[in-house]
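Let me begin by presenting the structure, written as structure tokens, before commenting on it.
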Amino acid sequence: MRIGLYGGSFDPAHPGHRHVSVAALRRLRLDRVWWLVSPGNPLKDRSRLAPLDQRCAEARAVADHPRIAVTGFEAALKVRFTVQTLRYLKRRRPGVRFVWIMGADSLATFHRWKGAAEIARLMPIAVIDRPGWTLTPLSSRAAHRFAEARLPEEQATALASRPAPAWVFLHGPRSHLSSTAIRAERRGGRPRT
């Protein structure tokens, strides 16, 4: 099995998340994508975060795809950091070829993630282009640190079979949707940064 792992708060999930997942299924030739709905991002303010059950239910409605599964199992594991989740999955499913999926905006701050270097060594990473982030992440600390592990985009289908560290930056149609902007619109204000 080749499974893409797409983590985040999904607060709220929106069609842009589905767009990324469908693109990853196709471009990386994955069997499944799992949405890992996080109990909360340690790098972000969690005070206004919608309840996990609500976010999972909304995510399932948005995903609406036979090869996209939505789970909030990280809460049951009592993990706070992506690296803990990925360690767990690698131990529990050693025969699965996992790929971590992240948006280009996440690559720009990846060096701030707890265990970022270990994440890059645990499994290959697919970075999906986002509006306004096409060039910035490619000059990020993480991109420089793992420059030799970057695959050309035309080899994306081989990513899941590559030993980590390995990563690819995928260009293509991008969604302008943003959970931050959607939350701000719901509150009747501007997005908080």
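Structure summary
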{"read-out": "Cβ charges +1 (Lys, Arg) and -1 (Asp, Glu), total dipole of the chain, debye", "value": "460 debye"}
{"read-out": "Tilt relative to the chain, helix 52-63 - C-alpha long axis, 0 to 90 degrees, to 10", "value": "70 degrees"}
{"read-out": "On Cα atoms only, tilt of 15-27 relative to the major axis of the chain in degrees", "value": "10 degrees"}
{"read-out": "Within the chain, longest stretch clear of exposed trypsin sites (Lys or Arg not before Pro) (DSSP loop, no more than 16 other Cβ within 10 Å)", "value": "115-191"}
{"read-out": "Among [x] 1, 8, 16, 21, 23, 18, 9, 3, 1, 0; [y] 1, 7, 13, 15, 15, 14, 13, 10, 6, 3, 1, 0, 0; [z] 1, 7, 15, 20, 20, 15, 11, 6, 3, 1, 0, 0, 0, the entry that matches P(r) over Cα pairs in 5 Å bins from 0, in percent as calculated here", "value": "[x]"}
{"read-out": "Fraction of beta bridges assigned by DSSP in the chain that are antiparallel (%, nearest 5)", "value": "0 percent"}
{"read-out": "Rough spin-label spacing in nm, given labels placed 7 Å along Cα→Cβ, for S47 and Y88", "value": "2.8 nm"}
{"read-out": "Helix 82-92 vs. the chain, principal-axis angle (Cα, 0 to 90°, nearest 10)", "value": "60 degrees"}
{"read-out": "Structure-based [θ]222 nm, the chain - -39500 (n - 2.57) summed over DSSP H runs of at least 4, per residue, nearest 500", "value": "-9500 deg cm²/dmol"}
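No value in this document is a laboratory result; all are computed from the given coordinates. The structure displayed is predicted, hence computed values, not measured ones. Backbone-built Cβ (ideal geometry, glycine too); neighbour counts: all protein chains shown.
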